[in-house]
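Reading through the C-alpha cells given below for one structure.
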Amino acid sequence: MTALRHAILGVGGVGGLMAACLARLGDPITVVLRGEALATYPKQLKLESPFGNFSVPVARSAEVPPVDVLWIAVKATQLDALAALTHPESVGSIVPLLNGINHLDFLRSKYGHEKVIAATIAVESERVAPGHIIHRSPFARLSVSSAGRPLLAATLDQLQKMGFECRFVEDEPTLMWTKIVFLAPIALATTAFNQPVGGVMSNPSRKAEWEACVRESCAVALAEGAEVDADAVFAGASKLPYDMRSSMQKDVERGNRPELDAIAGPIIRAGDRLGIEIVATKRLLSAVAARVLEWPPGRTD
C-alpha cells in the first residue's frame, strides 16, 4: 500500500508527537511553520516517549504542500491565523486534533464538510524546545470518526502497534463530547486550584467540585445526543498519573492565553441554551479567569 503524505500544522506537544511517530513509521511528513521560524527550525524532530526515544528527519515548509492528510494541532486560539497557511486544493483530508467542538464548523465552512474528519486525542505531550517533544503521559489515545476509516485504517493500525490506543467512532457527537466531558473538568479544576491531577483528587473539597463539573458536563452532552457516562469519566480519571498537569494549567502558568472558550464554552453555551444548571463549571471557570487578567470572571469568549 502506498504511504500517505502527511503535513502537520502546529508542531507543539501534540503535533510534534504525531509528526515524529508518523515519520518513524516511514510516511512522508512535512511540518508547517511560520515563515520567520523556518530557517532555524531543526531538520530532525527529537521525541522522548514511553513509545521510545528517537530522532527523525522531517521536511519543513511555510505553507501546506500537496498532501493526502493534514493534521491540525494548533491551539484553538491560533486557528484563524494559521488556517491561512492552508490552500484547500492542496489537501486531500483534514484531521483536526484541537480541543473543543466549534473548530469543526469553522474548518468545514472553509474547506467543505466531506474534507474534514472529526478526531480527538488524549495525551500529555509538551514541546520543550523547537523540534524537541516530551510525551509525558503513559498513554496516547487517538479517536477518529468512522468517516476516516477508508483513508486512515492502515495508519491507525501502525500507530497502535507503536503504542497508541486507536479507535474509530461511528457517532460524531459521542466522539467529540467524550473528550470534552473528560478534559474540561480536569483542565478547569487543575488550573483553578493550581494543582496537578493528584492534588485535585486527594483533596475532598477540590475533588467534589471536579465531580460536580463532570456531572454537569455529562448532563449537557447527553442532552446534545452524545453517549457519555459520568462513572466512566470518574474511573478513567482515577488512573491518571498523580503529577499530570493539563495544558490549560501550563498555559496560565506561562502567561499564555488559555483555551477557555474551546474547552468550557461548549458546556456553558449548551447548558444555558438547554436550561441545564452548570453552577460548578461556571464557578471553576471564574476561578481560572481570576488568574488571567484578560479573562474577567464569567467570560467564555
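The values are calculated or read from the model by the stated rules, or taken from the named source; none is laboratory data. Treat the numbers as computed from the prediction; the structure is a model and nothing was measured. Ideal geometry is used to build each Cβ from the backbone, glycine not excepted, and the neighbour counts take in all protein chains shown.
Residues that are assigned to a helix (DSSP H, G or I), within 18 Å of the chain's Cα centre (by Cα) and buried (at least 22 other Cβ atoms within 10 Å of the Cβ): does the stretch 196-211 have at least one? Looking through the stretch 196-211, at least one residue is assigned to a helix (DSSP H, G or I), within 18 Å of the chain's Cα centre (by Cα) and buried (at least 22 other Cβ atoms within 10 Å of the Cβ).
Checked against (1) surrounded by 15 or more Cβ atoms within 10 Å (Cβ to Cβ); (2) under 19 Å from E124 (Cβ atoms), N53 meets all criteria but (1).
Taken as a whole, the condition of being outside any helix (DSSP H, G or I), more than 17 Å from R283 (Cβ to Cβ) and not small (G, A, S) applies to F168.
Of all the criteria given as (1) within 17 Å of V123 (Cα to Cα); (2) part of a helix (DSSP H, G or I), the one not satisfied by D231 is (1).
Before we move on, is E259 touching a helix residue (DSSP H, G or I) at 6+ places or on another chain (Cβ under 8 Å), over 20 Å from E126 (Cβ atoms) and either surrounded by 21 or more Cβ atoms within 10 Å (Cβ to Cβ) or assigned by TED's automatic domain parsing to the domain that holds V181 (or both)? Here the answer is no, as E259 does not meet what is asked.
Checked across the stretch 273-290, the condition of being at pLDDT below 90 and within 25 Å of I121 (Cβ to Cβ) holds for no residue.
For L274, the conditions (1) surrounded by 15 or more Cβ atoms within 10 Å (Cβ to Cβ); (2) of a type in the set (A, V, I, L, M, F, W, C); (3) closer than 22 Å to M176 by Cα are fulfilled apart from (1). For the stretch 140-171, a residue qualifies if it is surrounded by fewer than 19 Cβ atoms within 10 Å (Cβ to Cβ) and in contact (Cβ under 8 Å) with a residue 60 or more places away in the chain, and the qualifying residues are L151, A154, Q158, M162, G163.
Here is a yes/no grid of residues against (1) under 27 Å from A184 (Cα atoms); (2) more than 20 Å from the chain's Cα centre (by Cα); (3) buried (at least 17 other Cβ atoms within 10 Å of the Cβ); (4) not assigned by TED's automatic domain parsing to the domain that holds P130:
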position: V32; (1), (2), (3), (4): no, no, yes, no
position: E36; (1), (2), (3), (4): no, yes, no, no
position: P57; (1), (2), (3), (4): no, yes, no, no
position: V64; (1), (2), (3), (4): no, yes, yes, no
position: Q78; (1), (2), (3), (4): yes, no, no, no
position: S93; (1), (2), (3), (4): no, no, yes, no
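When the stretch 252-272 is filtered for residues that are within 14 Å of the chain's Cα centre (by Cα), in contact (Cβ under 8 Å) with a residue 60 or more places away in the chain and part of a helix (DSSP H, G or I), the ones remaining, listed by number, are D261, A262, I263, A264. Among the residues here, E216 qualifies as surrounded by 20 or more Cβ atoms within 10 Å (Cβ to Cβ) and modelled with pLDDT of 95 or more. Of the strands (runs of 3 or more DSSP E) that lie entirely inside the stretch 1-67, those containing 2 or more residues that are without any contact (Cβ under 8 Å) to a residue 40 or more places away in the chain span 29-32, 54-57, 59-61. Is there a residue being closer than 23 Å to L142 by Cα and among the β-branched types (V, I, T) anywhere in the stretch 38-55? Looking for residues that are closer than 23 Å to L142 by Cα and among the β-branched types (V, I, T), one finds none in the stretch 38-55, hence no. Among the criteria (1) more than 20 Å from the chain's Cα centre (by Cα); (2) part of a helix (DSSP H, G or I), the one G225 does not fulfil is (2).
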